[in-house]
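The values are calculated or read from the model by the stated rules, or taken from the named source; none is laboratory data. Keep in mind it's a predicted model, so treat the numbers as computed, not measured. Ideal geometry is used to build each Cβ from the backbone, glycine not excepted, and the neighbour counts take in all protein chains shown.
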Amino acid sequence: MADLIRVGMADYKVGSAPSTIISYGLGSCIGISLYDPQTKVGGLLHIMLPDSTQARPTDNPAKFADTGLPLMLKDVLALGASKTRLVAKIAGGAQMFAFQNATDIMRVGSRNAEAAKKILKAQGIKIIAEDTGGTYGRTVSIDLNTGVYKVKTIDKGEKEI
Amino acid sequence: MTEELNLSANQLDALREIGNVGAGNSATALSQVINRRIDMNVPKVALVPLEVVPDLVGGPDAVVVGIFLRVYGKAPSNILFLLPQKSAFYLVDTLMGKPHGQTNSLDFMDESALMEIGNILSGAYLNAFFTFTKITMLPSIPALAMDMAGALLNVVLAQLGQMGDQALVIETEFLSEDDGINGQFFLVPDPGSLETIIKAVGVE
């Protein structure tokens, strides 16, 4: 029986085949997966916010796209992944509640998605699949045996990206 | 500031008492609307790490109906009323005078009725809050979504996350006498609001 590793909000986990890393109930948050198909090593990061510019030094860095990704990247590389082979998939970034005059913070989902793409680009990691936006929650998991990133929803079914 | 979030036992007691009266008002209002007795538990007041909050509502992938209101005023806060899906359907049946078990999805009217319940609960709650603290708090128009609990909480927690890693959660559970309806009412003050509220309560 393969391991199921759970990632909470503002956290990340790394591992290798045959484990699967899963994060439940993403709304405006984003699940960023990294995967090296050759060594079958990867990780999953569950970020809440786009950037840490207003963060306090005591804040948990895994909460933010810009500080969380480098942390996970370091651990994935330490497990034997190669940066040139790493590919990323991202999912989440929904707007759960429709307000008429949505403030910036209400649109945090789309800002998270943008920030995730920006930091991946800055690190030179290619995004090969994406399922972001919408108004519904997602549970995401990455199978480290295959690199398949599964996105489950309540109403919109389940897909593999 | 994160470090200021250390509350004394007395302060937690005071917040619990406010929560108690607020929720009591809300329970009474709800029971009048649906003409059934509504019981509530003693509110839980706790400072919890953000990532633990979804576990308070049955896990992040439990399907719930969430009614969210942003609270404006001197102590900006968030209100989230969460009902397990089954409970929300039961409440809709009750409100619409349908036999129980008939509702199994939410149409526009159902959503509107549930949002009105959110309005009524929040209004009653915030009135009590005002009595204690003399802080006027105005709720926004409610928004409703049915989805995974974790996904709905993300929205509230992202606002707090900007400021710190912990949430002050004042949580009350409602239960109707026939057990058909249970729900959790969360008042989550913005980090800066907490200080305002504590000062207004006047407890060391």
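Some points to look at:
- Looking across the stretch A:55-81, the residues that are in a loop (DSSP other than H, G, I, E, B) and over 27 Å from B:Ala149 (Cβ atoms) come down to A:Arg56, A:Pro57, A:Thr58, A:Leu79, A:Gly80, A:Ala81.
- Put simply, of B:Gly192, B:Gly183, B:Gly150 the only residue that is at the interface with chain A (Cβ under 7 Å from one of its Cβ atoms) and either surrounded by 22 or more Cβ atoms within 10 Å (Cβ to Cβ) or part of a helix (DSSP H, G or I) (or both) is B:Gly150.
- Any chance B:Thr172 is farther than 30 Å from A:Ile154 by Cβ and touching a residue at least 40 places away in the same chain (Cβ under 8 Å): no
- When we screen B:Ser122, B:Ser105 for residues that are within 14 Å of another protein chain (Cβ to nearest Cβ) and at pLDDT 90 or above, the only hit is B:Ser105.
- Those residues of the stretch A:10-54 which are more than 12 Å from A:Gly68 (Cα to Cα), surrounded by 24 or more Cβ atoms within 10 Å (Cβ to Cβ) and of a type outside the set (Gly, Ala, Ser), in sequence order: A:Val14, A:Ile21, A:Tyr24, A:Leu26, A:Cys29, A:Leu34, A:Tyr35, A:Val41
- Some residue of the stretch A:138-150 being aromatic (Phe, Trp, Tyr) and either modelled with pLDDT of 95 or more or within 16 Å of the chain's Cα centre (by Cα) (or both): yes
- Single match in B:Asn35, B:Asn20 (criterion: at pLDDT 80 or above, loosely packed, with under 14 Cβ neighbours inside 10 Å and more than 14 Å from every other protein chain (Cβ to nearest Cβ)): B:Asn35
- Test: residue in the stretch B:163-180 that is within 13 Å of the chain's Cα centre (by Cα), within 14 Å of another protein chain (Cβ to nearest Cβ) and not in a loop (DSSP other than H, G, I, E, B): no
- Selection from the stretch B:125-147 of residues that are charged (D, E, K, R) and within 7 Å of chain A (Cβ to nearest Cβ): B:Asp147
- Consider the stretch A:33-54 and keep the residues that are in a loop (DSSP other than H, G, I, E, B) and away from chain B (no Cβ under 13 Å). The one that is farthest from B:Gly59 (Cα to Cα) is A:Gln38.
- Qualifying positions in the stretch A:55-70 - more than 10 Å from every other protein chain (Cβ to nearest Cβ) and in contact with a helix residue (DSSP H, G or I) (Cβ under 6 Å, 6 or more places away or on another chain): A:Pro61, A:Ala65, A:Asp66, A:Thr67, A:Gly68, A:Leu69
- Condition met for B:Ala143 (in contact with a Ser or Thr (Cβ under 7 Å, 6 or more places away or on another chain), touching a residue at least 40 places away in the same chain (Cβ under 8 Å) and either crowded, with 16+ Cβ neighbours inside 10 Å or among the hydrophobic types (A, V, I, L, M, F, W, C) (or both)): no
- Among the residues of the stretch A:12-32, those identified as of a type outside the set (Phe, Trp, Tyr), within 14 Å of chain B (Cβ to nearest Cβ) and over 9 Å from A:Leu44 (Cβ atoms) are A:Gly25, A:Leu26, A:Gly27, A:Ser28, A:Cys29, A:Ile30.
- Condition check for A:Ala98 on (1) buried (at least 17 other Cβ atoms within 10 Å of the Cβ); (2) hydrophobic (A, V, I, L, M, F, W, C); (3) within 14 Å of chain B (Cβ to nearest Cβ): one failure, at (1).
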